[in-house]
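Accompanying notes for the structure given below.
The values are calculated or read from the model by the stated rules, or taken from the named source; none is laboratory data. Please read these numbers as outputs of a predicted model, since none were measured by experiment. Neighbour counts are summed over all protein chains in view; Cβ atoms, including those assigned to glycine, are modelled from backbone coordinates with ideal geometry.
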Amino acid sequence: MKKYSFLALCLLPFIFCFYFLPLLIQDTGSAMMILLVVFPILCIMFGSLVAIKQNFQPLFALGVALVFLPSIFFYYNESAWIYSVVYGLLTLLSNLAAWLSGCLGQWIHKLVSRKK
């Protein structure tokens, strides 16, 4: 249960950003900046954080994708649904990369400490 409460807590910044940052959109340039820079950075940061704290969690990536879906109907048009898939995959890949780098680091540490 503690694992799921941490994942839900990590979804809160996504809820805030997906539903309140679009209010700052004034033109196409600011929309592209938010959709193509701010949201992906958020996905990479929190995907890595979850992997560091909780190991590999593919359910978190699904949660990110699902949290974005309703915002499409509020702020964007139907062509923005692909961003949900992209943000989910980006979160999944960053989660996997952080988890694998942690596993690799532990393996190297064991290998080096065994030689001493």
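Report yes if some residue within the stretch 59-68 is among the small types (Gly, Ala, Ser), on the phi < 0 side of the Ramachandran plot and in contact with a Ser or Thr (Cβ under 6 Å, 6 or more places away or on another chain); otherwise report no. Checked against the condition, which is being among the small types (Gly, Ala, Ser), on the phi < 0 side of the Ramachandran plot and in contact with a Ser or Thr (Cβ under 6 Å, 6 or more places away or on another chain), the stretch 59-68 yields at least one hit. The number of residues in the stretch 1-52 that are buried (at least 16 other Cβ atoms within 10 Å of the Cβ) and among the charged types (D, E, K, R) comes to 0.
Filtered by the rule that a residue be part of a helix (DSSP H, G or I), farther than 13 Å from residue 11 by Cβ and touching a Leu at 6+ places or on another chain (Cβ under 9 Å), the stretch 67-85 gives 75, 80, 81, 83, 84.
Flag set for residue 89, criterion: surrounded by fewer than 16 Cβ atoms within 10 Å (Cβ to Cβ) and modelled with pLDDT of 95 or more.
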